[in-house]
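The next block holds one structure in the form of structure tokens; read it before the comments.
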Amino acid sequence: MKRPARLPGSDRNDKYARIYAVVRRIPKGRVATYGQVASLAGLPRQARLAGYALHALGDGPVPWHRVVGAGGLLALGRKRPDAAVTQRLRLEHEGVRFDGRGRVDMRAYAWSGARGRAAGR
DNA sequence: GCAATGACGCTCT
DNA sequence: CAGAGCGCCATTG
């Protein structure tokens, strides 16, 4: 499919919905980066939008805590340190280990985005 | 319609 | 390895 450039009807709702859909597909115990989610959502180069959507999401059925910044670094710590703590707690609760600097071990938890098969190698 | 900001990403120092 | 700066597109005022 060519990925409809612009779907009539909804605008941002549909765009955000895609991001939410991608985040929701992230398996437990795994994490994805904003760029990864944005790309899978059909918005390449728009990592900021992915985060923007998640921020607007606030509370919902979307495990936003599974979305981290590039390199496994918590992007929230930049301007929302309080939320970063919550995210870290939730990830640890799912079995994700953080290294001594509050970074996620992407080598082990980086989600490929592929369905079914995990990244592993 | 224009300007500023933003849960980011990558490169350079 | 760590820190800082610039660029990307979209949303909001």
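Here are a few things to note about the model shown:
- One chain, two ends: residue A:85 and residue A:105. Fully extended at 0.36 nm per residue, the span grows by 5.5 nm beyond their Cα-Cα distance.
- If R0 is taken as 25 Å, the Cβ-Cβ distance between residue A:97 and residue A:24 corresponds to a FRET efficiency of 0.65.
No lab work stands behind these numbers, since they all come straight from the coordinates. Remember, predicted model here, so these are calculated numbers, not experimental data. Because the Cβ atoms are built from the backbone with ideal geometry, glycine has one as well, and the counts that use them run over all protein chains shown.
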